[in-house]
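Worksheet: the structure to be examined is printed underneath.
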Amino acid sequence: MGLTELAEVIGADPAVLRDLLPPDVLPVAPPDAAPSTQGHDFSWLAAGDPVEILVGYSSSEVVVAAPDIRWDGHVPVMCVADAETRSLGCGLMQWFSDQVVAMRSQRTATFVACGRCRRSTPPEWMLDDELCQRCADEDGVVF
Ligand SMILES: [Zn+2]
């Protein structure tokens with residue numbers, strides 16, 4: 001499971017996928033609210049740290065999704081903000097590449113710069129509009 005397997009499913013060179021996806025591609029559990037077209041044999045990968053994109057694949061379909069991370073108490077829950085599904089076949093790599101660019105920009109557009117450390121931070125790690133949780137933590141805010 002992983003990038004090599006995804007490359008086999010798509011019929012692409014793993015090096016091409018590695019260039020296309022943000023670093024740190026890791027297998028993850030199926031996200032909540034995954035598309036209804038999803039079969040039970042789907043494997044999921046999350047790419048980026050923080051996660052910028054989700055990719056699901058089975059023996060017949062590929063899903064590219066923009067993640068939306070919510071909190072269940074102190075536990076981050078991976079959800080899907082938006083997703084596109086396509087059957088394996090002709091033109092898949094071009095479609096995949098386009099979707100990765102589109103879904104990544106949808107996700108990174110939600111990142112905000114912390115008012116103090118200026119670090120680009122995904123919304124789930126912002127305490128409010130101004131302060132990231134890391135800076136809030138330094139202030140001794142208890143979650
Ligand atoms: Zn900060």
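Rule-based calculations on the coordinates, nothing more; no lab input. Note that the structure is predicted; figures quoted are calculated from it, not measured. We place every Cβ from the backbone using ideal geometry, glycine too, and count neighbours over all the protein chains shown.
The mean sequence separation of alpha-carbon pairs under 8 Å and at least six residues apart, normalised by the residue count of the chain, gives a relative contact order of 17 percent. One chain, two ends: GLU124 and HIS74. Fully extended at 0.36 nm per residue, the span grows by 16.9 nm beyond their Cα-Cα distance. Per q in 0.15 Å⁻¹, report the Debye log10 I(q)/I(0) for the chain, using one uniform scatterer on each alpha carbon and no solvent. The Cα Debye sum returns log10 ratios of -0.75. The trypsin sites (Lys or Arg not before Pro) of region 51-138 that DSSP puts in a loop, and whose beta carbon has at most 13 other beta carbons within 10 Å, are ARG118, ARG119. Annotation: amide H of VAL28 within the under-5 Å range of TRP44, LEU45, ALA46, sequence separation 5 or more or interchain, hydrogens built in the peptide plane.
Note on the chain: helix-only mean residue ellipticity at 222 nm, from DSSP H runs of 4+ residues weighted -39500 (n - 2.57) and normalised by residue number, equals -7500 deg cm²/dmol.
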